Structure formats: C-alpha cells, structure tokens
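Beneath this line is the structure, given in structure tokens, with notes to follow.
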Amino acid sequence: MALTPSRWILATAVACAAVWFFLFRSERPPAKTLVVPPTPSRVTVAANAMSLAADRLRLLRIRDSVMHEAATQHAGSLSVLISPSYGDALARQIDTLVRRRWAEAGAPTGIPVVIAAVVDSSTIVDGAPRRRPSWTPSISAFLPDTSRSAACVSILRVASIPNATSPRTFRRNLIAPQTIGGLVGPCLYYAAFGSPGPQVAHWLGDGNWRAAQVTDWHTAPPPAAPRFIPYTPSVNDRGSSAAYDARVGTSTAGLACLAGEQMRCAQAVLPPSRPNTDSVWRQRVVSTTGANDAVFTLPRGRNIIGPADGWLLSEMVRTLGKERFTAFWRSSEPVPDAFRAASNQSLDSWVHAWAVRMYGPLPIGPGLGGLDVLYGMLLLLGGIGVALAVARARRVS
Amino acid sequence: MSKANVRRVLAACAIASIASRSVRAQSTTEYAKRLDSLTATWRAAVIAETRADSERVNGLPVDTVRVGNLVVLSDTEYVELAKNTAALVSPALDRAFGSWASRMRTHVLLLRRRSGASMAEGHPPVESGVVGPGGRVLLSSTSIATADALKSMWLRIAEEFLSGDLDPEIRNWLMVTLTSEPATARTLAQGRVDLVLARSRAAHSCALGDHEACMQALGLVRVDDVPFALFDETQRRGMIEWNAFVLQRRDPAAYTRCVQGGNQATCDSLIRSIPANAVPQAVPAAVRQNLIRYALLVGGDGALDRLANTKGPIADRIAAAARMPIDSVVSRWHSNIMSSQNSSTAIDATTALSSLFWACLCGALALRSSRWR
C-alpha cells in the first residue's frame, strides 16, 4: 500500500490520538486549589505603627541629646560624636573614616554638621515596645530646615556593639564605605552645596536620597558592565540562570533608557511623585541601613536605573563641576529645567550617557553574534552537501 | 577672635538654637503624643481581636471526624467527604511517617463551605486548613469538594506540620519539608543527579567516593571555614560576583580590585564578608533529603521518631534513625545512589523503548513511502 499524503495525515492523526489516549488521558490533572495568603490583622497594623512611632520618638530624643552635646563641645562646622560604648579602637576608626571622607570632599563649611554614632539598646519607649534588629545599623540624617539656618544631624544607631555573640561581619559592616557614606552623605551635600531648591529636595526626598548615596565625586565609579556568570548562588536553584548583570537589576524604564529611547531616562530618574502619608517625616529625615548582612538573603529587586543608581548625584558633581552642579542644586525650577539651565544639556541625554558609561551599551532588537552566523553557514553548507550527495546517489544512470 | 573661633561659635549657636525648638513633624512632643494615641489604638485593636477570636472559635464547625491520626472539624454536610478523604490520607501518612504521624492529632483539620465562592466543576468549593489559635485557619485553601482534590491538599498540610514539629536543628539542616511520597529506587537514584550537579568541590569529591568530603558536604561534621574548605577558587569567585549587588555597593573599590584587578587577598577578604547564611550549601537540600529518606528506609519502624527524639548532633540522630553508625549510613547511601540500576532519572527504560518504537515505526512508514521508490 503506497503512502500518499492523505494516508500520511491519517497515520499522524491516529498516532497523536494514541499518544493522547495512552499517555495523557490516564493522568488526571491535579485538583485546582487556591491558597489564601494571610492578611495582616488590625492588631498587627496598629502594632507596627506603634513600634515605628516609638522608634522615631527614641530617635528624636537621641537627636536632641546629640545636638545638646555638640553645642557644648564647640567643635566647628563638623562635630563627630562617638559614644564611648563603641570602645576606643572602633570609635577612633569611625571618627577617622568620617573625617577622611569629609576631607576628601573638600571639608565644606556651608552649614554646621553633627555626625554621631550611638548604641541604642532600649526596646521599650514610653511603655510602647519597638522592634530593633540586633545586627543591622540604622542611619538617620535630619536635614536642616530650609527656612532657618540650622544644622544637619546624622546618627548611626546600633542595638549592640560588636562582641563575642555578634556575627563576624558586624564590625566590618560598621566601618564599611557604604555605612560611612550613608552616615556622611546627605549632610555632606548640604554642607558642600547649600540647601537644594524645593523641586530638587522633593525629588531626592521621594527617592529617599538613594541617588545621593555616594559622595565620592573626585573619582569615576568602577564600571558595572553586564557580565555573564555561569554560577548560581544556591545549589538548590539549578533551574535558575539568573546571574549578576546590570540588566537583571534594572527596571523596565531603566532598560528603555539604556536602549536609547527618547525621554525614558528622564522618566526613569524622575518617577511621578506618589502621595505618602509619611511624606512630612521623609522629606526631612533620610533613613538608611548602611552595610548589613540582611540584604544578602533578601529578594533581589530591580532598581529604577540599575545597581549603580547611588552614584547618580556624585557623578553629576564630577562631570558638571562644582559650579554648574551648585547652580542645578539650588535652582528653584523643576529638576529637568534646572539641569538644562545649569549644564546646557538635557537630563535625559546626560542620564543615558551615564548609564551607558556604567553598564555598557545595550544591544537592541534581535541579532546574531559572528560565531553564531559562522555556525549557521557551516550547518547550511553541510545540509546542502548531504542533499547533493543523496540526490547524486539516487540519480538513475 | 580668629575666623575658626568665630565659625565654632556660630556653629554652636546654630546647633543650640535648633535643639531648643521643635521642628514640624520632628519634635519629641508631637511624637510622644502620637505614640500615646497609637498605643491606645493598639490596645483597642487587641480587645477587638480577642472578641473576634472568640466569635471565630464559636463559628467553627461542630461535627468532629476521627480517622486514624486525623481529626477533622467539618460542616455536617461534608462529614462523609471528610471521612472519605481522611481514609485516603491517614494510611499514606502512617506509611511515610510511622508513629510520628500520630502528631497530626494535635493539628486539627478543618473542612467547611467556602462562603461567597461560586461553584467549580459542578462541585461547591470548600475551605480546608488547620485550626490555629483564636480559631484562625492556617494554610487555608479553597478546593472543589471531592476526596481526590482534598487528599493532595491534606497530604501537603500534614507534610508541613509534621516537618514543622521536628526541632529547629533538623529543620535547619534539612531545609525542606519531609515528603509523604514513598521512597523508591528511582527517587533515591535522583540523589546521584543532584549530587553530581552540585556546584562545590566537596560535592564533586563526594561523588568520586571521598567519604570525608561527603561528610563535610552533607553538613554532618563541623567545617570551620566553609567557602575555603568546600569550594574552589572559581566557585568562590562566582559567589563574589553573584553577590555583587551587595558587595559592590558596600565597598566599590575593594570589589573592583578583586573582580577587575584579580587581587587574591581582596577577593578572600570579600568572601569573608559574606555572612555564613548567605554562603551556598555544598549540596542542594534535595541531597540531604535523599540521605534522610534512605536512613528512614533502612531504619524501618520508628525511624522518624528516633531521628526526632535522639539528642545530639545531626549525624548521631541520622545514625539512630538508620540503626547503624553514620559512616555506614553515608557509605551505603553513597554506593546505593552511585551504583543504582537507574542509570539516569531523565530517561527511563519505558521512555527509551517508546522512543525506539516510534522511531522504527516512522522509519518503516518512510521506507514504504511512494516518493522513495
């Protein structure tokens, strides 16, 4: 019986039906179930709010105490106050690192600045409990009140000093450049460039001053070029191929910026301001954690403009120069207008150039590498060769 | 007065002035009031919650079904369904967990109509879970009202709770929940794939037959410096680059010196800044679970109880469960998985035969094709 196309189709249909009947039909699909995630109760919500208020009350009392101490010391434009509880060696180390960072930035004297490191072990504030992570530093910078000539106060709090029971990494976290940078950062910008214009201040406040985490405007940042790493962190996750790559840690808007889409860079760094019930506090107090171990195990999110976003403001200072950056910083115009007026270029094009410098250019659209094209051509030629050989063998002589 | 002294006095005045007054939303007085108010709100919420707990407990179904080690609070209309499902689940738990399954008596299951949900596949949806403190339902889920649908959910709940009843030392070592699926030669052979593909030097040595490496990779003996003892240089470099998003932000200069400059001392320092709980395990949890399943299999009756109740390091507990010294357990487990007849878990004999059959059939049909004649 000759196999005509219609018989081929019939045979294929029968084979598919047999596969479906014998392989799939016998297995019942698993019953669908819906797991209901727990919602936080009113007690939990109220307890969290109470704990946060207790922590802030405690912080405000520490701030008042620190400022009183600084006032009595008459230490000049920069006061560094380290609690004796830190011990001589660690206190000296923190003091040296803070002062060195300050000196590297030109030892600005624009406003009085108080940098303090305290041990804050209390767990009850005015009868209310508060949660304090044991080994995570907490940094709070009280920005000066723009309407009055006031000081900028930055406070590093830890629940306990490094001791025999603390993780081996705790001490080095306290003196890590990230911690010192977070402690000095916002106040250093104020001291070096004065109070920002209201629009710039609002922009930074909305992003919790994330763009200003780095204050090293004398050196170019190390490139965070995309790289492929054939490694997964946990041998449990063999299926995951996620490796460190700037693109992995960048939001969709940031990727569009990297790809060179017009205006997407400005949109990425200027997200629309969202109303926040906590905005009054957040506009005046910058809270960060510094270097800590918890981040190693947290889910890895995407930053708006990639993992190097903390360098944004520092790079503006370096590339524009202090004079032009100060003009941008103090301008009362909206951020894009202020940037253009100060630098003669759009914020969008500057951010794009910065992103390409940090992460390298992002290939756009489908494409093939040179080696891939070569393999493809070889495969094609091989196929043609085989076809020719078969055709020659079947030729009727 | 010198310029420096003038600046100091001005700074002191500025600091003193701000300390003496309150700033909007940053004053201690305001926050003290806010804290008082929130404390009152929290107390009111606690009272309301206690009342709600009481109402929830009163609202639980009143019919109790007991089958084997399972206790189910059920709506009257679902009593039969609860009995049928429990009759399927209880023997499976007994087979998998032995007498440890009796702990399910302390975790009361719940089965009731899901209010407000629409019909699914011709069955009314039901809510099931475990009755927790204050009448809350833990691991709550919604499914259709059939024994088959509920069985898998109840087995999963039981696995969670029976694993959760183990003490933290075992749970931290195991890192996954125990499964109720019976251990078979095929499931045990999967351990070889997991071991061979694990990305650590110790795991590779273990797969090649190094007993001490197996003990270290499985976490059965204390290892002081895990990254340096169990991983090679390339694997440690991988750890650094994987954690780049933290390490680069923490100390950009050190990261660059290591990754781009290749400075070994800096790389070693960066490795030591990764906390112990962020250093990857030398073998995946599946390998450890595989060893436990093997130990429970050879240990026979009461193996899980012995594992749970024996005091001491994890190695001693596994030895007690298997009723043989830990060295013997690991050696036998290793030879079992490495010499299993199931040479690959990816393709078994049925799949291979089926593939051959279809290939031959297609070949035979192709040879009969009119276009080739």
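Readers should treat all values here as calculations from the given coordinates under stated rules, not as data from a laboratory. Not measured: the values here are computed from a predicted model. Note that we place each Cβ from the backbone using ideal geometry, even for glycine, and neighbour counts take in every protein chain shown.
Which residues does the label zone of B:Ser269 cover in region A:73-110, counting backbone N under 15 Å from a point 7 Å along Cα→Cβ? Under 15 Å, as judged by backbone N against the label point of B:Ser269, lie A:97 of region A:73-110.
Applying a length cut-off of 15 Å (Cα extent along the axis) and a mean Kyte-Doolittle floor of 0.0 to the DSSP H helices of chain A leaves A:5-19, A:42-73, A:177-193, A:347-359, A:370-394.
Placing +1 on each Lys and Arg Cβ and -1 on each Asp and Glu Cβ, with no other charges, gives region B:185-338 a dipole about its Cα centre of roughly 320 debye.
Given R₀ = 56 Å, FRET efficiency for B:Asp210-A:Ala341 by Cβ-Cβ distance, to 0.05? After rounding, the FRET efficiency stands at 0.25.
Here the average projected area of the convex hull drawn through the C-alpha atoms of chain A stands at 33.0 nm².
In the calculated pair-distance distribution of region B:226-305, the portion above 16 angstrom amounts to 57 percent of the Cα-Cα pairs.
The alpha carbon convex hull volume per residue for chain B rounds to 346 Å³.
Oblate is the label for region B:237-373, because a/c, from the alpha-carbon gyration tensor with a ≥ b ≥ c as root eigenvalues, is 1.5 or above and a/b does not exceed b/c. Neighbouring Cβ atoms from other chains, within 10 Å of the Cβ of residues in A:122-129, number 2 on average.
The ellipsoid equivalent to the alpha-carbon distribution of the protein assembly as shown has semi-axes of 56, 39, 29 angstrom, derived from the gyration tensor eigenvalues as √(5λ) and listed largest first.
Other protein chain C-beta atoms within 10 Å of residue C-beta, averaged over B:274-283: 5. As a size descriptor, the averaged projected area of the C-alpha convex hull of region A:54-139 was calculated at 6.4 nm².
Think of region B:185-338 as a dipole: +1 on every Lys or Arg Cβ, -1 on every Asp or Glu Cβ, centred on the Cα centre; then among B:Ala303, B:Ile274, B:Ala253, B:Ala303 lies furthest on the positive end. A Förster radius of 30 Å, combined with the Cβ-Cβ distance separating B:Arg95 from B:Leu353, puts the computed FRET efficiency at roughly 0.50. Which residue fluctuates most in the GNM of chain A (Cα springs below 10 Å): A:Asp126, A:Asp88, A:Asp216? Greatest mean-square fluctuation among the candidates belongs to A:Asp126.
Here the dipole of the protein assembly as shown is about 1020 debye; that uses its Cα centre as origin and unit charges on the Cβ of Lys and Arg (positive) and Asp and Glu (negative).
A Gaussian network model of chain A, with springs between Cα atoms under 10 Å, assigns the largest mean-square fluctuation among A:Leu97, A:Leu59, A:Leu381 to A:Leu381. Legend: mean number of C-beta atoms from other chains within 10 angstrom of residue C-beta atoms, peptide A:54-66, equals 4. Note down the net charge around A:Ala211, summing +1 for each Lys or Arg and -1 for each Asp or Glu among other residues with Cβ under 11 Å from its Cβ. The answer is -2. When the Cα positions of B:Leu88, B:Val72, B:Ser115 are compared along the charge dipole of region B:63-165, B:Val72 comes out farthest toward the positive end, with charges on each C-beta of Lys, Arg, Asp and Glu.
Divide the volume of the convex hull around the Cα atoms of region B:143-234 by the residue count and you get 143 Å³ per residue.
Its relative contact order, with pairs defined as Cα atoms under 8 Å and 6+ residues apart, puts chain B at 13 percent. Take every Cα pair under 8 Å in region B:185-338 that's 6+ residues apart, average their separations, divide by the length, and report that relative contact order as a whole percent. Across region B:185-338, relative contact order equals 27 percent. Using the Cβ atoms and a cut-off under 13 Å, what net charge is assigned to the surroundings of B:Leu81, where Lys and Arg are +1 and Asp and Glu are -1? Residues close to B:Leu81 contribute a combined charge of -2. Computed on chain A, with alpha-carbon pairs under 8 angstrom and 6+ residues apart, the relative contact order is 16 percent. Percent of C-alpha pairs per 5 Å bin in region A:45-195, short distances first: 2, 9, 18, 21, 20, 15, 10, 4, 1, 0.
Within the listed set A:Arg56, A:Arg132, A:Arg168, the residue fluctuating most in the Gaussian network model of chain A (springs between alpha-carbon atoms under 10 angstrom) is A:Arg168. Over region B:63-165, all Cα pairs binned in 5 Å intervals from 0 give whole-percent P(r) values of 2, 14, 26, 27, 18, 9, 3, 1, listed from short to long. From most to least packed by mean Cβ count within 10 Å, the peptides A:249-257, B:358-366, A:297-305, A:280-288 give A:249-257, A:280-288, A:297-305, B:358-366. Taking 4.7 Å between beta carbons as the limit, the unpaired Cys residues of chain A are A:Cys16.
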